[in-house]
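See below for the structure under consideration.
The values are calculated or read from the model by the stated rules, or taken from the named source; none is laboratory data. Source: prediction; values computed, not measured. Counting neighbours? That spans all protein chains shown, and the Cβs are built from the backbone with ideal geometry, glycine included.
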Amino acid sequence: MDFSVFIRLLGVLTSLLMFLSQWGTITKIMAARNSAEFNAAPFLAEFLNCLIGLLYGLPIVSPDNNVVLVVNAIGLLAESVYLMVFVVHSEMYTKIQVIATIFLELLAGGFIGLIFSELPFGYVRVHTASHLCVMIGILFLFGAPISDLTKAWKLKSIAHMPLLPCIGSFVNSFLWISYFCIRRNYPLVLLNAIGLLVGGLQVFTHYWFSHLAHPVVHVSDPAHDEQTLVPLNQESDS
């Protein structure tokens, strides 16, 4: 199998797994019948990202780029379902906010699509679209994970930041870096390099608060003559 085909298949697989990793949050919202404890920003950011990616992958913009087209079409469908569930289980004020944001993102997508269509077909259109994707990605796509990172360090908690999406984002960015290096599309290499950095910080933060922030020590239990593992901070309090 050609290496580029292998990378594309892995990129598609990890992208789909990353979309599915958000299902855990959605099941919690459906079980609680309330989305108050959760933030719509990650879903809205992914929705916009998939919308722009879908426009970029269209044959009239970027020929022979069906992988990007298919992945973002599936992602857009998944994020639409997630946002629908989020809105159904939200308070009225949050419903209005989310629906208004979706409407603005669709308008922005239409405007960007119009810009793409007016550009000269070929190199200029592809690379202008790439640079535009980079700017949108930096402004919007990484806002949600950076917000999660800030919240995690502020609260010293990773309860709102599941591990699987963090790992998925890290691996997915690495694979798409390889794919766009093969296609020599360096603006999108840069975008995914930033994604790799943010994903790596998320994984490190998750590991830090799961293991390093609360080291475990052995404490003897005289009553049972065996050792019990307890967090260090609990030992100091006793």
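Worth a mention:
- Selection status of Asn72, part of a helix (DSSP H, G or I) and within 14 Å of the chain's Cα centre (by Cα): yes
- You will find that of Ile96, Ile29, the residue that is outside any loop (DSSP other than H, G, I, E, B), β-branched (Val, Ile, Thr), modelled with pLDDT of 85 or more and in contact with a helix residue (DSSP H, G or I) (Cβ under 7 Å, 6 or more places away or on another chain) is Ile29 and no other.
- Meets criteria (of a type in the set (A, V, I, L, M, F, W, C), modelled with pLDDT of 90 or more, buried (at least 20 other Cβ atoms within 10 Å of the Cβ) and on the phi < 0 side of the Ramachandran plot) for Leu83: yes
- In the stretch 147-156 there is at least one residue matching the filter, namely being surrounded by fewer than 19 Cβ atoms within 10 Å (Cβ to Cβ), modelled with pLDDT of 70 or more and not in a helix (DSSP H, G or I).
- Where a residue in the stretch 158-178 is under 14 Å from Leu16 (Cα atoms) and its partner, wherever it lies, is outside any helix (DSSP H, G or I), with Cβ under 8 Å and at least six apart: Pro165/Gln22
- Among the numbered conditions (1) in a helix (DSSP H, G or I); (2) among the small types (Gly, Ala, Ser); (3) surrounded by fewer than 17 Cβ atoms within 10 Å (Cβ to Cβ); (4) modelled with pLDDT under 80, the only one that Ser15 does not meet is (3).
- The criterion of being surrounded by fewer than 15 Cβ atoms within 10 Å (Cβ to Cβ) and under 24 Å from Val98 (Cβ atoms) holds for Leu20.
- Test: residue in the stretch 138-157 that is free of Cβ contacts under 8 Å to residues at least 24 places away in the same chain and closer than 30 Å to Asp64 by Cβ: yes
- Looking across Ser80, Ser62, Ser90, one residue alone is assigned to a loop (DSSP other than H, G, I, E, B) and more than 21 Å from His131 (Cα to Cα). It is Ser90.
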